[in-house]
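These notes concern the structure reproduced below.
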Amino acid sequence: MLCVVAGNTIALRRTPPPDFWGRYVQVEPPAAIRFDDALVLFTGSYPTSFLAPHLPSTATFTFALTADWTEPAERRLNQLVRERINSFEGPLVAVMLDMGETEGPKAVGDMLARLEAQYGLVADAGACDRFFTSFDSDLEHWIACPLSPQS
């Protein structure tokens, strides 16, 4: 018999269950965002796809702006995502983790600017709305931002 014990030296945030007898993952999507028949871009390098089961079954999903270490595979992913966006007819929505950063690659404004530069998608940051999840903290929560193609 082989027993392996491993440890992670990176500090991880543990989230206690909000209801010991209930679901560990609890998600309330923003009502103001149209997810029906939408192409949802899970954006950024932090986990967001756990939100998918809580969105309408008519929504489809892809990833955008994943972690830098995924190069060169991301080049092909970007090409496929661009093709999917260009052929899609319906609402486009970016979903990302808002970490409260105002500058740098983790900032919402930076991610929205990169979506515009890489995919030609424009977001009105004022139209973004937040999810409520069992993983939210005082500084971090997930948001959804409606997108439109550049004119």
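The values are calculated or read from the model by the stated rules, or taken from the named source; none is laboratory data. Note that the structure is a prediction, hence the values are computed from the model and not measured. Here the Cβ positions follow ideal geometry from the backbone for every residue, glycine too, while neighbour counts run over all protein chains shown. The protein model used for the area step is the full one, side chains on, heavy atoms only, and it has no ligands, DNA or RNA in it. Shrake-Rupley method; radii C 1.70, N 1.55, O 1.52, S 1.80 Å.
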Fill in the blank from the handout: If every Lys and Arg gets +1 and every Asp and Glu gets -1 at its Cβ, then about the Cα centre the chain yields a dipole, in debye to the nearest 20, of 420
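Which shape class applies to the chain: rounded if a/c is under 1.5, otherwise prolate when a/b exceeds b/c and oblate if not, where a ≥ b ≥ c are the square roots of the Cα gyration tensor eigenvalues? Intermediate values should be presented prior to the final figure.
Values: a/c = 1.68, a/b = 1.36, b/c = 1.24.
Since a/c reaches 1.5 and a/b is larger than b/c, the shape of the chain is classed as prolate.
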Handout entry: Dipole in debye (nearest 20) - region 64-115, about Cα centre, beta carbon charges: Lys, Arg +1; Asp, Glu -1
Key = 240
Practice task
Can you send over the carbon and sulfur percentage of the accessible area for the chain, probe radius 1.4 Å, protein chains only?
Solution key: 55
Practice task
Return the calculated 222 nm mean residue ellipticity for the chain, to the nearest 500 deg cm²/dmol, obtained by summing -39500 (n - 2.57) across DSSP H runs with n ≥ 4 and dividing by the residue count.
Solution key: -5500 deg cm²/dmol
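Computed FRET efficiency, Cβ-Cβ of S57 and E101, R0 41 Å: what is it to the nearest 0.05? Don't skip to the answer; put the middle values down first.
Values: r = 33 Å, r/R0 = 0.80.
After rounding, the FRET efficiency stands at 0.80.
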Handout entry: Beta bridges per DSSP with both ends in the chain, % antiparallel, nearest 5
Key = 60
Fill in the blank from the handout: For the chain, the longest principal axis of the Cα atoms and the Cα long axis of helix 108-119 enclose an angle in degrees, to the nearest 10, of 50
Handout entry: Tilt relative to the chain, helix 73-87 - C-alpha long axis, 0 to 90 degrees, to 10
Key = 50
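Sequence gap at least 6, Cα distance under 8 Å: using those rules, report the relative contact order of the chain to the nearest whole percent.
27
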Problem - Per residue, in Å², the accessible surface of region 21-115 once ligands and nucleic acids are set aside, probe 1.4 Å - result: 56
Problem - Amide proton proximity set for D98, modelled H, under 5 Å, gap of 5+ - result: H141, W142, I143
